[in-house]
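For reference, the structure discussed in these notes is given below.
The values are calculated or read from the model by the stated rules, or taken from the named source; none is laboratory data. Being a predicted model, the structure only gives us computed values, none of them experimental. Don't worry about glycine lacking a Cβ; one is built from the backbone with ideal geometry, like all the others, and counts go over all protein chains shown.
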Amino acid sequence: MSPDLRPRPLRVRPGTRSMRWIVPAVGLALVAGALNEPAVARPIAASEVSTSQVSASRVSASEVSDEASAVATAKATGRPVLITSKTTDTTEYRALPSGRIEATIAGGPVRMRDANGAWTPVDVSLVRQADGSIAAKAHPFGLKLSGPAGPGDHDLIALGQPGRRSTLGWSGPLPAPELNGTTATYREVKPGVDLVVEATRTGYQQYLLVKNRQAAKQLRQFKMPWRTSGLTARLDGAGGLNVSSATESHDVPAPVMWDSTVDRVTGEHLRRAPVGLGLAKNALVLTPDAAFLTDPKTVYPVTIDPSQSAGANFDAFVQSSYTNDQSAATELKIGTYDSGANKAKSYLSFHNQEWLWDKQVQAATLNLWSHHSYSCTAKGWVAHRVADVTNTVRWTKRPVQYEQVGTSTQTKGWSSSCGAGWVTIPVTAAFQYTVANRLTKTNIGISAASETDNYGWKRFASREAAANPPTVTITYQTKTAVDLQATAPDTVCATGAERPYMYSLTPQLRAQITDTQGVPVYATFEWKVVGGIISTTATEGPGASGSWLGTTIPDDAFTEDSSYAWRVRGTDGTTPGEWSPWCEFTIDTM
């Protein structure tokens, strides 16, 4: 259309100019013509929902699909409400009566979809199938074990989803396994050798229990048939394997073996040795330390332990007397049990944290299931933010330790006086750092306050454990948000060649601002010449959550035939929300 033929709305020139205005969200129809609301639909803000508007069925609900409705229901009922649409295999979200959200993130998967698509708790207890095979009741990676088998090669363990699956085999007969909870024991697979497979939350641990020196002679090197589907395997440089696809990664840590020499108080295995792990054609090759097997000090039976884990997030302990990867272990450790001769620390990494970037984190607490301590004496332990943690972490290769983020003296797991149970430590600053720096991982290290005091020794369940994996509970609120933005005269929000014309030198910039807690809100508007560096800002408010707030461009700020960009963000008066996208227009009043 020719510029001369474009319709021209009346130019707004108020006689007395107020640089700000606020329009309550429930009274838009009463606003005079120059301030007519743009013809756009908007959701009702949670703060606008009164108790009387919540239905009787909603009042009693403890689960609601969408976040806004869950917040309104929690405020109306005074009880937390599960936000079902946000649930994942590791995380649940609840709206709190305060308007905040509480997320509980598990280190390992705690639920999975069943055959009907509904969530069901993970249960790695082993049960016998109709065909004689063994399977976990509800395993997130479909763990399956062999039943009885005759001579030849067999699929002993299969792990992973269809199309991305690895299978570990066994050569030779297999008896029907004895089942005990999460453990399957195949007796005498070779003379004097039992084969034990333990289901873990993220994979499995497999043990060869070598009962005597004569049996050990059969195991100086042995191959276990191994196949993968949709996965690529490579040696990881740390004595183990990384098995990965484009979307997921499994780890086969370097195997290790230990004898039956244990510490009387802690049950720690005191004599350990590495087991070589290699790749041959369609097989894993394990080479136990021959000197360890023949050493007169070695106390039989000896346990040889290869394992495999999968999934997001990560945890592992490191110990001064260990040289191999412990990321598939079912426990975490801190402190010392022998006055500092052996020392342990543990590390946890929570992945995929992008969803937190636009949030305000008020609190974060790490929850650990403590199943063993040196005594019931309350002894201090600390949490630090640390650098990235992977399965290459060792006592001699610990991640860089940054600021301390929490302390605790909670101690459980020694006796009936302080039985196994949950202990907690604050880690708020670590997650706030993730948000402030827009990181994808939050990495935490935990250690005893003293690494020479035996009473600080503690052991916790890891993400691999069959029950009670670590969790972190985060309380947050979504930052004040810009729901809609508009101008008067009306324009569409576009940039570049698509930018519209603006028929006023003093337009009004407008935005609808909401806050999940329903507190008063402000809007900060920013504008500048397109491509310019210098900008001008104006903050307007307060207004009720859900209000339209606006500012009018001052006289002589804009000039004819120039192009301008503007954006806006909301705030609750303490922490600003995210900026809206830039919108542009070109001034043409002629």
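The table below lists the values:
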{"quantity": "Of all residues making up the range 331-347, the number that are under 24 Å from Ile105 (Cβ atoms) and surrounded by fewer than 19 Cβ atoms within 10 Å (Cβ to Cβ)", "calculated": "1"}
{"quantity": "For Ser504: the one exception among (1) outside the structural domain of Gly570 (by TED's automatic domain parsing); (2) farther than 30 Å from Pro520 by Cα", "calculated": "(1)"}
{"quantity": "Search result, residues across the range 348-377 that are over 30 Å from Cys418 (Cβ atoms) and either crowded, with 17+ Cβ neighbours inside 10 Å or among the basic types (Lys, Arg) (or both)", "calculated": "Gln353, Leu356, Lys359, Gln360, Val361"}
{"quantity": "Contacts under 6 angstrom Cβ, first residue in the range 570-582 being within 18 Å of Trp548 (Cβ to Cβ), partner in a loop (DSSP other than H, G, I, E, B), 6 or more apart", "calculated": "Gly570/Thr480; Gly570/Gly577; Thr571/Thr480; Asp572/Thr480; Asp572/Asp515; Asp572/Val519; Gly577/Lys479; Gly577/Thr480"}
{"quantity": "Residue count for the range 516-568, restricted to those that are surrounded by 13 or more Cβ atoms within 10 Å (Cβ to Cβ) and on the phi > 0 side of the Ramachandran plot", "calculated": "3"}
{"quantity": "Count - residues of the range 291-316 that are within 33 Å of the chain's Cα centre (by Cα), crowded, with 20+ Cβ neighbours inside 10 Å and among the aliphatic types (A, V, I, L, M)", "calculated": "3"}
{"quantity": "Selection within the range 514-549 - among the acidic types (Asp, Glu) and without any contact (Cβ under 8 Å) to a residue 60 or more places away in the chain", "calculated": "Glu526"}
{"quantity": "Top-ranked residue of the range 119-141 - restricted to ones that are within 21 Å of the chain's Cα centre (by Cα) and outside any strand (DSSP E or B), ranked as nearest to Ala310 (Cα to Cα)", "calculated": "Phe141"}
{"quantity": "Search result, residues across the range 486-505 that are assigned to a helix (DSSP H, G or I) and touching a residue at least 24 places away in the same chain (Cβ under 8 Å)", "calculated": "Gly496"}
{"quantity": "Filter result for Arg569 (outside the structural domain of Ala103 (by TED's automatic domain parsing), within 30 Å of Ala74 (Cβ to Cβ) and either in contact with a Gly (Cβ under 8 Å, 6 or more places away or on another chain) or assigned to a loop (DSSP other than H, G, I, E, B) (or both))", "calculated": "yes"}
{"quantity": "Candidate set from the range 73-116 (those that are in a loop (DSSP other than H, G, I, E, B) and of a type in the set (D, E, K, R)); member that is surrounded by the fewest Cβ atoms within 10 Å (Cβ to Cβ)", "calculated": "Asp114"}
{"quantity": "Residues being more than 37 Å from the chain's Cα centre (by Cα) and among the charged types (D, E, K, R) - total across the range 560-576", "calculated": "2"}
{"quantity": "Only listed residue being closer than 29 Å to Ala74 by Cβ, in contact with a strand residue (DSSP E or B) (Cβ under 7 Å, 6 or more places away or on another chain) and free of Cβ contacts under 8 Å to residues at least 60 places away in the same chain, chosen from Tyr433, Tyr476", "calculated": "Tyr433"}
{"quantity": "So Thr491, is it hydroxyl-bearing (Ser, Thr, Tyr) and modelled with pLDDT of 95 or more", "calculated": "yes"}
{"quantity": "Unique match (being under 22 Å from the mean Cα position of the chain (by Cα), outside the structural domain of Gly160 (by TED's automatic domain parsing) and part of a loop (DSSP other than H, G, I, E, B)) among Ser339, Ser327", "calculated": "Ser327"}
{"quantity": "Unique residue being crowded, with 17+ Cβ neighbours inside 10 Å, at pLDDT 95 or above and in the same structural domain as Thr442 (by TED's automatic domain parsing) when the list is Val386, Val393", "calculated": "Val386"}
{"quantity": "Qualifying position, being among the polar types (S, T, N, Q) and at pLDDT below 85, among Gln214, Gln221, Gln205", "calculated": "Gln221"}
{"quantity": "Some residue of the range 251-263 being of a type in the set (Ser, Thr, Tyr) and not assigned by TED's automatic domain parsing to the domain that holds Thr377", "calculated": "yes"}
